[in-house]
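Here's the structure, in structure tokens; my notes come after.
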Amino acid sequence: MVGGSDEAPGDPAAYELLFKEAVRGAEGQRQGLDELRSRAGILISTATLVAGFVGPTALAANAPAWIEVTAVGLLLLAVLTSLFILLPSSGWRFTVNAKDLLGQYVEADPPASMAELHRSLAWHLQTRWQENQARLVLLYRVFTASVLLVAAETVFWLLAIVLKGKQ
């Protein structure tokens, strides 16, 4: 067994590859979260711009009140759901604690091999990836709902203009 141990009996190069993939997964997840939050901010801007440009014309059109109330309600829901995505929240874990690694692997007696360290890091990063992924999926679903709310808001503002005075 080349470079193997009880904790890491496989090929050391394979553990290094797994570690690199786990790091890439964590970085991709963090980037995905950042991009999602950026899109949520843009979506808030879009919802308010639609309301700001189309809303006054729609309100002046004397359309049925329920259409206007629905458009305003959809605007508020779109902004609130987007804000949910933007709110800072704890619990995101993209790294492993360096102090833990020092004590448990680097300064242990005997110190862990690089294969053991790579294996453990890959394991922990994958566990964190799975925990983060459940939260990220929820945020993507909320974002999808926000996009649909902005689309519906736009439709109702335009409907108010089309139905102007046809009460």
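Data table
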item	result
Approximate spin-label separation residue 48-residue 127, in nm, with each point projected 7 Å along Cα-to-Cβ	4.2 nm
Per-pair calculated FRET efficiency, R0 = 35 Å: residue 140 and residue 98 via Cβ, rounded to 0.05	0.70
Heavy-atom accessible surface of the stretch 61-167: percent carbon and sulfur, 1.4 Å	68 percent
Sequence of 95, 46 from largest to smallest accessible area, 1.4 Å probe	95, 46
From the coordinates shown, Kirkwood radius over Cα pairs in Å corresponds to which of (1) 17.7; (2) 18.9; (3) 19.4	(3)
Length released on extending from residue 76 to residue 24, taking residue separation times 0.36 nm less the Cα-Cα span	15.0 nm
Charged-residue dipole, Cβ positions (Lys, Arg, Asp, Glu), the chain about Cα centre, Debye nearest 20	1040 debye
Relative contact order %, the chain, counting alpha carbon pairs below 8 Å whose residues are six or more apart	44 percent
Under 5 Å, built H, 5+ apart or other chain: amide partners of residue 10	5
Cα pair distances in the stretch 95-155, grouped into 5 Å bins until the bin that holds the longest one, percent each	4, 15, 16, 13, 10, 8, 7, 7, 6, 5, 4, 3, 1, 0
Whether the stretch 1-58 is rounded, prolate or oblate, judged on the alpha carbon gyration tensor where a/c under 1.5 counts as rounded	prolate
The chain: angle of helix 114-162 to the longest principal axis, Cα-based, in degrees nearest 10	0 degrees
Simple label model, 7 Å out from Cα along Cβ direction - residue 38 to residue 109, nm	5.0 nm
Normalised per residue, the volume of the convex hull around the Cα set of the stretch 18-100 (Å³)	100 Å³
Rounded to 10°, Cα long-axis angle of helix 65-86 versus longest principal axis of the chain	20 degrees
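The values are calculated or read from the model by the stated rules, or taken from the named source; none is laboratory data. Here the structure is a predicted model, which is why all the values come from computation and not from measurement. So basically every Cβ, Gly included, is an ideal-geometry build from the backbone, and we count neighbours across all protein chains shown. Keep in mind that these areas ignore ligands, DNA and RNA; they rest on the heavy atoms of the full protein, side chains included. Shrake-Rupley method; radii C 1.70, N 1.55, O 1.52, S 1.80 Å.
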